[in-house]
Amino acid sequence: MTYRLHLFICTHQRPEGERRRGCGDLGGAAARDHLKSRAKALGLDDVRINSAGCLGRCESGPLLVVYPDAVWYRFDSLADLDEILDRHLSRGQRVDRLWLDPAQAPVLTA
């Protein structure tokens, strides 16, 4: 199957005691599960939702990125994820309030 959009959600967990927390430590896996369930319920069969390792912007997390659009989002709640599903995935409209401009975000090494 060919997918119209592909979401990668960071679910990276850092070892205990590390200074930085990974998106997995901030609910990345639960976010992935929620998005997969809601996308299926909405009939978004042409959207693939996957886990990703560290996306390199830990201080901005939790994060997801939508391809081929190359749009990065930061989210804080299930309502944020639902808005991304409704506006970006269903209607093709970027959610500006959650958008993480890659040109302005610090790129960090894992």
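Where a number appears in this text, it was derived from the coordinates with a stated rule and is not lab data. All values reported here derive from a predicted model rather than from experimental measurement. Quick reminder, even Gly has a Cβ in these numbers, built from the backbone with ideal geometry, and neighbours come from all protein chains shown.
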*Lys and Arg at +1, Asp and Glu at -1: add these up for the other residues within a Cβ distance under 9 Å of Leu44 and post the number.*
+1
*Given charges of +1 on the Cβ of Lys and Arg and -1 on the Cβ of Asp and Glu, with all other atoms neutral, how large is the dipole of the range 14-110 about its Cα centre, in debye to the nearest 20?*
120
*Cβ-based net charge around Asp86, under 12 Å, with every Lys or Arg adding one and every Asp or Glu removing one*: 0
_Charges on Cβ only, +1 for Lys and Arg, -1 for Asp and Glu, centred on the Cα centroid of the chain; of Ser60, Leu85, Asn50, which one is farthest towards the dipole's positive end?_
Asn50
*With point charges of +1 on the Cβ of Lys and Arg and -1 on the Cβ of Asp and Glu, referenced to the Cα centre of the chain, which listed residue (Ala41, Thr2, Tyr73) lies farthest in the positive direction of the dipole?*
Thr2
*With the chain treated as a Gaussian network of Cα nodes joined by springs under 10 Å, which of Leu63, Leu35, Leu98 yields the largest mean-square fluctuation?*
Leu98
*What cysteines in the chain have no other cysteine with a beta carbon less than 4.7 Å from their beta carbon?*
Cys54, Cys58
*asked:* I need the shape label for the chain. Rule: rounded when a/c is under 1.5, else prolate if a/b > b/c, else oblate, with a, b, c from the alpha carbon gyration tensor.
replied: prolate
_Relative contact order of the chain, defined on C-alpha pairs under 8 angstrom at six or more residues apart (%)_ = 29
